[in-house]
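Worksheet: one structure, shown below.
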Amino acid sequence: MALSPTNDAALLQEVDEAVRKDRLDTIMQRYGRWIIGGVVAALLAFGGYLFWDHRQDAARGEQAEELIAAFEKLGTNQPRAATADLQKIAVEGDPAYRAVAQMQEANIKAQAGDLKAAAALMAKVAADTKLDQALRDLALIRQTAFEYDTLKPETVIARMKPMVDAKDPASSWFASAAELSATAHYQLGQFDQAGALYGRIAKLPDVTRSLQSRSVQMAGMLGVDAVADRAAESAAAEKKGDAAPKAAATAKTEEAN
């Protein structure tokens with residue numbers, strides 16, 4: 001008697017499963033050790049990564065504590081002890097902590113009158129491609145400030161140009177870079193460029209009062225009325241702020257009608 005279609009399907013399925021099992025047995029016999037070894041190696045690698053990540057977090061915590069200790073020594077007038085701590089962090093720390101340590105050590109040297117050594121440390125931070133660009137820009141500004149009296153005005157302008165010209169996004173350190181650049185333009189007798197930069201600084205809403213005051217005075221001396229510009233912008237902002245509630249009230253009245 002012939003098998004039914006259902007029995008045919010069951011028989012084919014059994015044959016297929018038998019073939020698969022035979023192939024799997026053959027593969028395991030030939031490559032089983034390698035497969036198991038690969039799985040174990042992957043697990044060990046993953047475990048190693050987790051351990052390494054934990055150690056990195058622990059190391060960063062230790063570096064933060066060491067940095068705080070160095071700052072505390074500075075606060076208690078122990079510059080030599082603080083410098084030793086900072087130098088240790090600069091050698092052993094990750095890029096961010098190393099940069100902060102080097103910049104603080106540079107500030108100590110600058111306060112002691114060694115501007116050349118201070119500038120050299122800032123130059124190391126500015127050249128470190130592992131750091132965020134904003135931190136490198138700050139280091140370059142500080143380096144340039146320390147070296148300013150030994151640099152040609154054209155060099156200062158060229159260094160600051162990327163930060164001064166940055167549009168989208170604007171540099172976090174535009175105000176400081178623009179002031180250095182404006183001073184260099186003034187030294188070259190390029191009074192229009194200097195005045196324009198001082199005017200831009202004066203109109204910034206989040207600069208320090210001392211910098212804003214200097215910028216307003218210098219801009220005015222160079223023929224740029226930064227005070228009037230700021231007053232006009234403030235009036236426009238207030239007018240815009242008043243217009244919003246009025247527009248809302250008008251809209252509600254129209255909806256009620």
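A few comments on the model shown:
- Scanning segment 85-97 for residues that are farther than 18 Å from Ala127 by Cβ, open to solvent by 50 Å² or more (accessible area, probe 1.4 Å) and among the aliphatic types (A, V, I, L, M) yields no hits at all.
- Residue ID - most open to solvent (accessible area, probe 1.4 Å), chosen from residues in segment 126-135 that are modelled with pLDDT under 95 and either part of a helix (DSSP H, G or I) or under 19 Å from Leu188 (Cα atoms) (or both): Gln133
- Matching residues in segment 146-155 - criterion: being open to solvent by less than 50 Å² (accessible area, probe 1.4 Å) and without any contact (Cβ under 8 Å) to a residue 40 or more places away in the chain: Glu147, Tyr148, Leu151, Pro153
- Selected residue (only one of Ala158, Ala175, Ala182, Ala170 is assigned to a helix (DSSP H, G or I), of a type in the set (A, V, I, L, M, F, W, C), within 22 Å of Ala219 (Cα to Cα) and open to solvent by 40 Å² or more (accessible area, probe 1.4 Å)): Ala158
- Ile141 being under 19 Å from Gln78 (Cβ atoms) and either of a type outside the set (D, E, K, R) or surrounded by 14 or more Cβ atoms within 10 Å (Cβ to Cβ) (or both): no
- Of the residues making up segment 163-184, none is out of contact with any strand residue (DSSP E or B) (no Cβ under 6 Å at 6 or more places or on another chain), over 22 Å from Leu140 (Cα atoms) and of a type outside the set (Ser, Thr, Tyr).
- Subset of segment 201-226 (residues that are assigned to a helix (DSSP H, G or I), out of contact with any Ser or Thr (no Cβ under 6 Å at 6 or more places or on another chain), open to solvent by less than 90 Å² (accessible area, probe 1.4 Å) and not β-branched (Val, Ile, Thr)): Ser210, Leu211, Gln212, Ser213, Ser215, Met218, Ala219, Gly220, Ala226
- For segment 65-84, the set of residues classified as open to solvent by 40 Å² or more (accessible area, probe 1.4 Å) and in a helix (DSSP H, G or I) consists of Glu65, Glu66, Ile68, Phe71, Glu72, Lys73, Leu74, Gly75, Pro79, Arg80, Ala84, listed by residue number.
- A residue that is under 15 Å from the mean Cα position of the chain (by Cα), within 30 Å of Ala196 (Cα to Cα) and either among the hydrophobic types (A, V, I, L, M, F, W, C) or loosely packed, with under 14 Cβ neighbours inside 10 Å (or both) cannot be found anywhere in segment 98-119.
The values are calculated or read from the model by the stated rules, or taken from the named source; none is laboratory data. All values reported here derive from a predicted model rather than from experimental measurement. Virtual Cβ from ideal backbone geometry, glycine too; neighbours counted across all protein chains shown. Accessible surface is based on the protein model in full, side chains and every heavy atom, while ligands, DNA and RNA are left aside. Shrake-Rupley method; radii C 1.70, N 1.55, O 1.52, S 1.80 Å.
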